[in-house]
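Following: one structure in C-alpha cells, then a few remarks.
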Amino acid sequence: MTDRFAVTADMMTVADALARLEARLAPAVAAEELRLHDALGRILAEDVVSAANVPPHDNSAVDGWAFRRADLPADGCLPVVGRVAAGHPLDGPLPKGGAVRIFTGAPLPEGADTVAMQEDCRDQGQSVVLPIRLAEGDNARSAGEDISRGSVVLHAGSRLRPQELGVAAATGRASVKVYRRLKAAVFSTGDEIRDPGTELPPGCIYDTNRFTAAGLLRALGAEVTDLGILPDRFETIKAALAEAAASHQLILTSGGVSVGDEDHVKPAVLAQGSLDFWRLAIKPGRPVALGEVAGTPFVGLPGNPVAVMVTFMLIARPMVLRLMGAARSDLPRYPVEAGFAFRHKPGRREYLRARLAHMDGRLVAAKFPSDGSGVLTSMTWSDGLVDIPEERGDIAPGEMVDFLSYADMMR
Ligand code: AMP
Ligand code: MG
C-alpha cells in the first residue's frame with residue numbers, strides 16, 4: 001500500500017500542509033450531466049464555452065427611438081417609420097432618414113446605431129424630435145458585448161452559484177457536466193461518547209463532533225453517511241472502517257487517534273491501510289491523522305471540539321474540496337482592526353475566535369475572552385477566526401489583522 005500522506009517534517013506550517021495536500025490528492029468523484037435546476041451548489045466538471053453571443057443581437061438599452069446618428073438633422077426631427085418591441089424585430093433595415101419607436105431589449109434594426117431615451121424626446125405622432133447632443137452608439141448594446149461566441153464563460157472546478165446557472169442558461173445551455181457529490185462517512189469513537197437524546201451515564205459526554213463534522217461536510221456539498229459512535233474496540237472500528245471504505249470516497253472521524261491505550265483507530269486504520277500524523281505549527285491544534293483505508297482517504301481530527309472545527313477548516317476542508325473536484329480552496333482574508341491586545345510568541349500560527357462589529361465606520365474584531373480550546377460556545381459566539389501568522393509579534397488594539405469568515409469556510 002502506498003503511503004501518500006507520509007511526512008518527514010516534525011512540524012509543518014499550514015502553507016506547507018496545503019501544498020502537500022494539493023500534490024497528493026486528485027478529484028475522487030465521477031462526473032454527471034445535470035439539468036440547470038438540479039446543479040445548484042455542484043462543482044463544474046467542464047469548461048462552459050458559449051455557443052452564442054450574449055446579447056445575441058444589437059439591442060436597445062432604453063425605451064425611446066432608434067435612428068442612424070449620421071441622419072439626424074440640426075433640428076433633431078425625424079419621421080417615425082416603424083415600431084420594434086422585444087422579441088419583435090423590424091421587418092427589414094431602417095429606412096434612410098427615419099426613426100423607429102423601440103423598447104428596452106428590442107433588436108436594433110439594421111442601419112440604426114443610436115437610441116434616444118423617450119424622456120429626452122418630443123413625440124409628435126408621425127415624427128419625433130430627438131436630442132442632437134447624442135453621440136453615435138449611445139444607449140445601444142452590441143451583440144456579444146457581454147459574452148462572445150466561443151469564449152469560456154465558466155471554468156471547470158468552480159462552484160455553481162445561482163448567477164453561474166443564469167450565465168449557463170444565457171449561453172443556451174440546458175444542462176452542465178458537474179461532479180457527483182462526494183460520499184463521506186463520519187463516525188465518533190469513545191466509550192464515554194453518547195448520542196444526544198439518550199440518557200447520560202456517569203462519566204459520559206454527549207457527542208459534539210459528529211454533528212459539527214457532518215454539518216461542515218454537508219455545507220461543502222458532500223453526501224454524509226452517519227456511522228454513529230463506535231466503542232473503543234479494535235475489531236469494531238476495523239470492521240466499520242472496511243465497510244465505510246467500500247462505499248465512500250472519504251472517511252472522517254474525530255478522537256481516538258492520540259497515543260493513549262484506548263485509542264484504537266490508529267491500529268484499525270493501519271491494519272488495512274496507512275496513517276501519518278501531521279503536526280501543524282498552529283494553535284489551537286493537535287495532530288491531524290491522514291491516511292487511507294483500502295485506498296479511501298481517511299482523516300482523523302482531534303477529539304477536542306474546538307480543535308475539530310479549526311483543523312477541519314484548515315486541513316479537511318481543502319482536502320474535501322480537492323476530492324470534490326473544486327479548483328480552489330483558498331479563503332478570502334479580510335483586513336480588520338484588532339479590538340484587543342494579544343501576546344503572540346513568534347513560531348506558531350494562531351487562530352483566535354473573533355466576532356466583527358462596526359465602530360465609527362471601521363470594522364473591528366472582538367476576541368472571545370477565553371483562549372481555552374475547550375469552550376464550545378466560543379465557536380457559536382464567533383463569526384470567524386483572526387489569523388495571526390507565524391512571524392508576527394504581539395498585537396496591540398488598533399493594529400490590522402486578517403479575519404477569516406466561517407461563512408466562507410463553509411462553501
Ligand atoms: P481522544 O482523542 O479520543 O482522547 O479525545 C480527546 C478529548 O476529546 C476527550 O476529552 C474526549 O472525551 C473528547 N471527545 C472525543 N470525541 C468527542 C466527540 N465526538 N464529541 C465530544 N467530545 C469528544
Ligand atoms: Mg477517545
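The values are calculated or read from the model by the stated rules, or taken from the named source; none is laboratory data. Please read all numbers here as calculations on a predicted model, not as lab measurements. All Cβ positions, even for glycine, are placed from backbone atoms using ideal geometry, and neighbour counts span all protein chains on display. These accessible areas exclude ligands, DNA and RNA; they are computed on the full protein's heavy atoms, side chains included. Shrake-Rupley method; radii C 1.70, N 1.55, O 1.52, S 1.80 Å.
Points worth noting:
- Separation of the Ala61 and Thr13 label points, Cα + 7 Å toward Cβ, nm: 4.7 nm
- DSSP bridge pairs, the chain: antiparallel proportion in percent, nearest 5: 70 percent
- The loop-placed trypsin sites (Lys or Arg not before Pro) in segment 75-110, going by DSSP, that have at most 12 neighbouring Cβ atoms within 10 Å of their Cβ come out as Lys96.
- Segment Arg233-Ala327, length gained on full extension (0.36 nm per residue, minus Cα span): 30.0 nm
- Over segment 334-409, the hull volume per residue, using the convex hull of the C-alpha atoms, is 93 Å³.
- GNM top mover of Met379, Met400, Met117 - the chain, alpha-carbon springs below 10 Å: Met117
- Asp47-Met410 FRET efficiency (beta carbon distance; Förster radius 22 Å; 0.05 resolution): 0.25
- Label-to-label distance for Ser370 and Ala70 is 8.0 nm, based on points extended 7 Å past Cα in the beta-carbon direction.
- Note on Lys345 and Glu192: the extension gain reaches 51.5 nm, defined as 0.36 nm multiplied by sequence separation minus the Cα-Cα distance.
- On the chain, 52 percent of the accessible area sits on carbon and sulfur atoms, based on a 1.4 Å probe.
- Column: log10 I(q)/I(0), Debye, Cα scatterers of segment 270-411, q = 0.21, 0.22 Å⁻¹: -1.36, -1.44
- Of Gly255, Gly398, Gly291, the one that fluctuates the most in a GNM where the chain has Cα springs shorter than 10 Å: Gly398
- Between Arg35 and His88, the distance separating the two model label sites (each 7 Å from Cα on the Cα→Cβ line) works out to 3.2 nm.
- Two-decimal Rg to Rh for segment 59-141 - Kirkwood Rh, Cα set: 0.90
- Residue-averaged [θ]222 nm for the chain, counting only DSSP H segments that reach four residues, each worth -39500 (n - 2.57): -5000 deg cm²/dmol
- Between Asp123 and Arg355, full extension at 0.36 nm per residue minus the direct alpha carbon distance yields a gain of 77.7 nm.
- Of the residues Leu356, Leu78, Leu252, the one that moves most in a GNM of the chain with alpha-carbon contacts below 10 Å is Leu78.
- log10 of Debye I(q)/I(0), alpha-carbon scatterers only, for the chain at 0.08, 0.11 Å⁻¹: -0.62, -0.87
- Entries in Lys283/Lys367; Lys183/Lys266; Lys183/Lys283; Lys345/Lys367 that, when Cα-Cα distance is taken, lie over 24 Å: Lys183/Lys283
- DSSP-assigned coil residues among GluC sites (Glu not before Pro) in segment 1-86, each with at most 16 further Cβ atoms within 10 Å: Glu46
- Under Karplus coefficients 6.51, -1.76 and 1.60, residue-wise ³J(HN,Hα) of segment 157-165 in Hz, glycine/proline x: x, 9, 7, 8, 8, x, 5, 5, 4
- The residues of segment 59-141 expose on average 50 square angstrom of accessible surface per residue, using a 1.4 Å probe on protein heavy atoms.
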